[in-house]
Amino acid sequence: MVASSVLGFPRIGPNREIKKVVEAYWAGKTNAEEVTKVAAEVKKLNWTELQQRGVTYIPSGDFSLYDHVLDHSAAFNAIPKRYHGLGLSPLDTYFAMARGRQADGVDVPAGEMKKWFDSNYHFLVPELDDAVEFKLNFNKPLEEFNEAKALGITTRPVVLGPITYLALSKATKEAKADFEPISLLPKILPVYKQLLSELKAAGAEWVQIDEPILVTDKGANFESQYVSAYPDLVAVAPKLLLTTFYGRLESNVNFIAKLPIAGLHIDLDRAPEQLEKAINAVSSTPIVLSLGVVSGRSVWKTDFSAAIKLAEKAISALGEDRVIVATASTVLHIPVTLASEKKLTEEQKDWFSFALEKASEVATIAAVVSGSQDAAVAAALEANRTSIAKRRDFEKNSDDSVRKRVASITPDQYERKSPFAVRLDAQKVLNLPKFPTTTIGSFPQTKEIRQARAKLGKGEISEGEYEEFIKKEIESAVRFQEKIGLDLLVHGEPERNDMVQYFGERLSGFVFTQNAWVQSYGSRYVRPPIIVSDVSRKEPMTVRWSQYAQSLTSKPMKGMLTGPVTILNWSFPRVDISRELQAQQLALALRDEVCDLEAAGIKAIQVDEPALREGLPLRRADWDSYLNWAGNTFKLSTAGVGDHTQTHSHFCYSDFDDIFPQIQRLDADVISIEASKSDMKLINTFKHYGYSNNIGPGVYDVHSPRVPGDVEIQERIKAMLAYLDQSLLYVNPDCGLKTRGWKETEASLVSLVQAARWARENYV
Ligand SMILES: [Zn+2]
């Protein structure tokens with residue numbers, strides 16, 4: 001009998017229960033007991049649902065109130081010094097590490113957040129140095145294993161592997177210059193041994209130990225660490241299933257298969273071609289091969305026939321007992337269940353499969369390849385065949401005019417008319433001072449804004465009343481910016497529900513869900529639209545609002561658009577055509593919008609590509625091809641304007657070292673980037689490569705409610721000017737402000753404007 005498994009499950013709750021309770025807790029509206037209670041209910045529901053769907057191996061220990069990497073740091077006592085001695089409870093210390101804390105005389109910033117591999121999920125980067133004293137503050141996988149056991153459900157605990165954990169960590173500021181977190185492996189292993197032996201004593205048969213670092217190029221550097229650490233762990237642990245996901249192991253499979261592990265999981269959704277190599281590597285060992293045949297990243301129904309083929313291949317080589325049919329990765333990255341969607345048509349619903357449906361898929365595929373004679377299994381198999389065939393039919397009815405337009409793109413459409421120096425001169429029409437101050441685009445999405453949108457959705461207010469409301473919001477954003485003295489204004493985006501959803505709703509080719517939330521970080525969940533057919537623009541999407549905002553002020557107004565790569569990367573893409581083709585379709589639609597904004601008198605237009613970097617393939621060998629088409633689609637969307645129109649772009653990260661030439665190639669007139677949490681490493685990169693266009697490194701961190709003082713911002717500007725040409729520096733926050741409140745936004749921006757004034761007075 002072939003077993004089935006799910007590697008991890010969304011922990012947000014079917015109705016965003018976790019977001020609601022932790023946000024209430026942060027606001028002081030509920031207590032820690034209530035948080036624990038709601039968390040227990042969500043965990044119980046997840047385990048029960050997976051059990052009911054017939055999944056053999058159900059995960060536990062994968063739940064989190066904020067982030068599983070942060071949980072791991074808290075459990076292993078990797079708590080940076082600045083959070084010590086604040087007189088906070090363990091839960092409040094945990095949340096202080098996650099989001100900073102500024103209350104009751106405590107003022108600590110949050111830790112750094114980074115993208116989790118190539119996903120849209122963010123984790124808190126562990127900070128380590130030689131002084132860290134690892135110990136087990138609590139055994140989370142054990143607690144959850146016991147919690148499930150008390151409900152009569154046997155689970156397979158999930159633990160973040162030691163080498164991946166250390167590989168994702170960074171050195172603290174106090175660490176000695178050549179410190180590498182991986183050097184702490186001998187120090188952290190005893191804690192892992194304790195954690196694993198406690199799980200064994202509690203009766204866990206298997207433990208899933210996640211080592212996704214093995215699918216990156218870095219993975220190969222850690223061969224000696226794997227070879228030395230794992231025999232040690234295996235000696236005291238339950239059976240270890242070493243899991244790799246999001247990509248291919250390549251030659252790493254050779255040393256992994258020699259480890260004394262009981263099982264190995266590989267991702268066959270992202271890399272089906274690695275099956276044969278993996279079978280060969282484990283065939284002469286007792287290792288069980290867990291096959292990730294059901295995507296943890298895609299919302300599309302699994303094509304059972306393709307998955308069955310892969311499973312049968314493994315079974316014929318290894319036997320039924322040595323094969324598990326599994327999700328390719330955790331299904332954290334997709335919404336909880338299709339059952340919550342009431343507005344999708346039956347045809348659309350039939351295309352998709354969310355987390356719970358994926359659980360049924362692994363169970364069905366495992367039953368089919370085990371030779372099940374069950375009528376329900378046969379019916380599910382037949383239904384899948386019919387669904388897949390219907391979708392293939394739909395795909396054939398693509399929009400021919402869109403495809404023809406993509407096919408006739410010419411090289412000159414990718415380039416601006418003149419080089420930057422000429423444009424810089426032409427853009428004097430904007431009349432900006434030195435050290436121009438601006439924001440990234442969005443202002444706080446207040447309760448009133450969300451309520452008005454909800455009322456419109458329910459038909460409680462008319463389209464006209466909503467428009468009036470939005471106009472008032474825009475006007476107050478404009479007046480606010482004028483009052484505090486910003487130079488390049490934005491309309492504040494009150495009409496935007498989300499930077500991707502808003503555009504998706506106005507473009508042909510997308511469908512939308514009601515409740516299909518996925519966790520981006522902490523309590524921030526997003527509801528990505530789904531691209532289902534060829535994309536085109538029906539009519540202008542933003543022009544009216546930008547034009548209205550510009551009519552209110554004599555200062556220049558920035559038009560705000562989301563770039564093609566970001567719309568693609570933050571949507572659930574199609575799987576039947578390439579991502580490149582989908583991005584080109586989006587770029588042409590945006591190009592029309594950019595040109596319409598210019599024609600409407602908007603002098604600066606920002607096309608954001610915060611997701612450009614996170615779309616990078618995990619393997620370096622695949623980068624050039626991605627960066628080439630991704631960069632081209634950005635250029636295609638922005639290059640249609642005249643020299644006098646200033647193009648901006650924004651990037652929500654600071655790792656530019658390795659993609660710098662591509663950022664330079666985008667040739668945006670101004671780029672704004674996240675810098676506030678990554679010190680000056682980033683600025684150094686720009687200096688090193690000689691970035692020639694305008695640049696606005698973020699001068700404060702918007703991801704935390706903490707308010708920076710003006711002297712703090714002056715110091716940042718001063719530090720930046722040691723590296724950057726003062727005539728090219730813009731002063732802005734490090735990201736959009738929509739998740740912030742007005743109070744801290746106003747205080748922070750006042751500091752920012754004061755600091756820019758100081759710079760004008762102190763630099764000639
Ligand atoms: Zn950003």
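The values are calculated or read from the model by the stated rules, or taken from the named source; none is laboratory data. This structure is a prediction, so every number in the text was calculated from the model and none was measured. Here the Cβ positions follow ideal geometry from the backbone for every residue, glycine too, while neighbour counts run over all protein chains shown. SASA here: full protein model, heavy atoms, side chains in, ligands and nucleic acids out. Shrake-Rupley method; radii C 1.70, N 1.55, O 1.52, S 1.80 Å.
Between THR553 and LEU136, what length comes free when the chain is fully extended (0.36 nm per residue of separation minus the Cα-Cα distance, one decimal in nm)? Before the final figure, lay out the partial values.
Numbers: separation 417, 0.36 × 417 = 150.12 nm, distance 5.83 nm.
Length difference between fully extended and current span is 144.3 nm.
Rg and Dmax of region 484-540 over Cα atoms: what are they, in angstrom?
According to the Cα coordinates of region 484-540, Rg and Dmax are 14.6, 45 Å.
What ratio of Cα Rg to 2.2 N^0.38 Å holds for region 7-96?
Here the Cα radius of gyration is 1.21 times the empirical estimate.
Given the DSSP H assignment, sum -39500 (n - 2.57) over each helix run of at least 4 residues in the chain and divide by its residue total; what's the result at 222 nm in deg cm²/dmol, nearest 500?
After summing the helix terms and dividing by residue count, I get -13000 deg cm²/dmol.
Can you give the percent of C-alpha pairs in region 724-764 whose distance is more than 11 Å? Show your work: numbers first, answer last.
On the way: 572 of 820 pairs.
In whole percent, the long-distance tail amounts to 70.
Each residue of region 490-496 in order: what ³J(HN,Hα) in whole Hz does its phi give by Karplus 6.51 cos²θ - 1.76 cosθ + 1.60, θ = phi - 60°, with x for Gly and Pro?
Residue by residue, region 490-496 yields 10, 8, x, 6, x, 7, 9 Hz.
Once both labels are modelled 7 Å past Cα along the beta-carbon direction, what's the ALA389-VAL429 spacing in nm?
For the pair ALA389/VAL429, the computed spacing is 6.0 nm.
Roughly what percent of Cα-Cα pairs across region 284-406 reach past 17 Å?
Percentage above 17 Å: 62.
Which order do you get for ASP487, ASP303, ASP104 if you rank them by accessible area with a 1.4 Å probe, largest at the top? Could the numbers behind the result be given before it?
Working: ASP487 20, ASP303 45, ASP104 145 Å².
Descending order: ASP104, ASP303, ASP487.
Once neighbouring chains are kept in place and the probe is 1.4 Å, which whole percent of the accessible area of region 604-652 is contributed by carbon and sulfur?
45
How big, on average over all directions, is the shadow cast by the Cα convex hull of region 358-438, in nm²? Before the final figure, lay out each step's value.
Values: hull surface 50.1 nm².
If I average the Cα hull's projected area over directions, I get 12.5 nm².
Extending each Cα 7 Å along its Cβ direction at LYS313 and LEU91, get the distance between those two points in nm, one decimal.
4.9
Sort all Cα-Cα distances of region 335-402 into consecutive 10 angstrom bins from zero, then give the percent of pairs in each bin up to the one containing the longest distance.
17, 41, 31, 9, 2
To the nearest 10 square angstrom, how much accessible area does LYS483 have with a 1.4 angstrom probe?
140
Give the dimensionless ratio obtained when the Cα radius of gyration of region 680-762 is divided by 2.2 N^0.38 Å.
Here the answer is 1.09, to two decimals.
Hey, what's the chain come to in accessible area per residue, 1.4 Å probe, Å²?
Per residue, the chain has an accessible area of 38 Å².
In nm, to one decimal, how far is the THR48 label point from the SER462 one, both placed 7 Å along Cα→Cβ?
Once both label points are built, they end up 4.7 nm from each other.
Starting from the Cα coordinates of region 1-51, work out the convex hull volume and express it per residue in Å³. Intermediate results must be reported in sequence, preceding the final value.
On the way: hull volume 3.6 nm³, N = 51.
That works out to 71 Å³ per residue.
With axes computed from alpha carbons, what is the tilt in degrees of helix 304-318 against the longest principal axis of the chain, rounded to the nearest 10 within 0 to 90?
The two axes meet at around 40 degrees.
What is the percent carbon and sulfur in the accessible area of region 274-411, measuring with a 1.4 Å probe over the protein chains and ignoring ligands?
54
Rounded to the nearest 0.05, what FRET efficiency do LEU151 and ALA421 have when you use their Cβ-Cβ distance and R0 = 60 Å?
Computed FRET efficiency for LEU151 and ALA421 comes out at 0.30.
Using alpha carbon centroids, what distance separates region 646-677 and region 13-29, in Å?
34
For region 194-261, go through all pairs of different Cα atoms, get the mean of 1/r, take its inverse, and jot down that Kirkwood value in Å.
Details: mean 1/r = 0.0800 Å⁻¹.
The answer is 12.5 Å.
Would you give the gap between the C-alpha center of region 319-363 and the C-alpha center of region 615-629, rounded to a whole Å?
Cα centroid to Cα centroid, the span is 28 Å.
Mind putting together the pair-distance distribution for region 56-213? All Cα pairs, 10 Å bins, whole percent per bin, short to long.
Values per bin, smallest distances first: 10, 38, 36, 14, 2, 0.
Report LEU729's accessible area, 1.4 Å probe, all protein chains in place, as a number in Å² to the nearest 10.
Here the residue's solvent-accessible area equals roughly 0 Å².
Normalising by the residue count of the chain, find the relative contact order in percent from Cα pairs under 8 Å and 6+ residues apart.
12
Averaged over all directions, how much area does the convex hull of the C-alpha atoms of region 463-597 cover when projected, in nm²? Working shown, then result.
Working: hull surface 38.1 nm².
If you wrap the Cα atoms of region 463-597 in a convex hull and average its projections, you get 9.5 nm².
Per residue of region 60-68, in order, report the coupling 6.51 cos²θ - 1.76 cosθ + 1.60 (Karplus, θ = phi - 60°) as ³J(HN,Hα) in whole Hz, putting x for Gly and Pro.
So the J values, rounded to whole Hz, are 9, x, 8, 5, 7, 7, 9, 7, 6.
Using R₀ = 45 Å, calculate the FRET efficiency as 1/(1 + (r/R₀)^6) where r is the Cβ-Cβ separation of GLN373 and GLU41; round to 0.05.
Computed FRET efficiency for GLN373 and GLU41 comes out at 0.75.
Taking a threshold of 23 Å on the Cα-Cα distance, which of the pairs LYS20/LYS135; LYS114/LYS681; LYS20/LYS447; LYS555/LYS718 fall above it?
LYS20/LYS135; LYS555/LYS718, as the Cα separations exceed 23 Å there.
Can you tell me the length gained on complete extension of the stretch SER401 to ALA747, counting 0.36 nm per residue apart and subtracting the Cα distance?
The SER401-ALA747 span can extend by a further 119.6 nm.
To one decimal place, what Kirkwood hydrodynamic radius in Å is obtained for region 440-486 from all pairs of distinct Cα atoms?
Here the Kirkwood hydrodynamic radius works out to 11.6 Å.
Work out how much length GLN102 to LYS218 would gain on full extension: take 0.36 nm times their residue separation and subtract the Cα-Cα distance, in nm to one decimal.
Numbers: separation 116, 0.36 × 116 = 41.76 nm, distance 3.71 nm.
Going from the current span to full extension adds 38.0 nm.
So what does log10 I(q)/I(0) come out to for the chain at q = 0.05, 0.07, 0.08 Å⁻¹, using the Debye formula with one equal point on every Cα and no solvent?
Result of the Debye calculation: -0.25, -0.51, -0.67.
Can you give me the orientation-averaged projected area of the convex hull built on the Cα atoms of region 613-764, in nm²?
9.9
Quote the Stokes-Einstein diffusion coefficient, in whole µm² s⁻¹, for region 600-655, based on the Kirkwood radius over alpha carbon pairs, a temperature of 10 °C and a viscosity of 1.306 mPa s.
Taking Rh from Cα pairs, D becomes 124 µm²/s.
Taking each pair of different alpha-carbon atoms in region 232-328 once, compute 1/r for the pair, average those values, and report the inverse of that mean as the Kirkwood hydrodynamic radius in Å to one decimal.
About 13.5 Å, per the Kirkwood formula over Cα pairs.
Can you work out the Karplus-derived ³J(HN,Hα) for every residue in region 392-409? Use 6.51 cos²θ - 1.76 cosθ + 1.60 with θ = phi - 60°, whole Hz, and x for glycine or proline.
These are the phi-based 3J(HN,Hα) values: 4, 4, 4, 4, 5, 8, 6, 8, 4, 5, 5, 5, 5, 5, 4, 5, 9, 5 Hz.
Would you mind checking region 576-618 for residues with the amide N under 19 Å from a putative spin-label position 7 Å along Cα→C-beta of SER520?
606-616
Under 5 Å between amide H atoms, partner at least 5 residues away or on a different chain: which partners does PHE352 have, H built in plane at 1.01 Å?
Sorted by chain and number, the residues that satisfy this are LYS301.
Quick one: check the C-alpha center-to-center distance for region 280-310 versus region 511-588, whole angstrom.
That distance is 33 Å.
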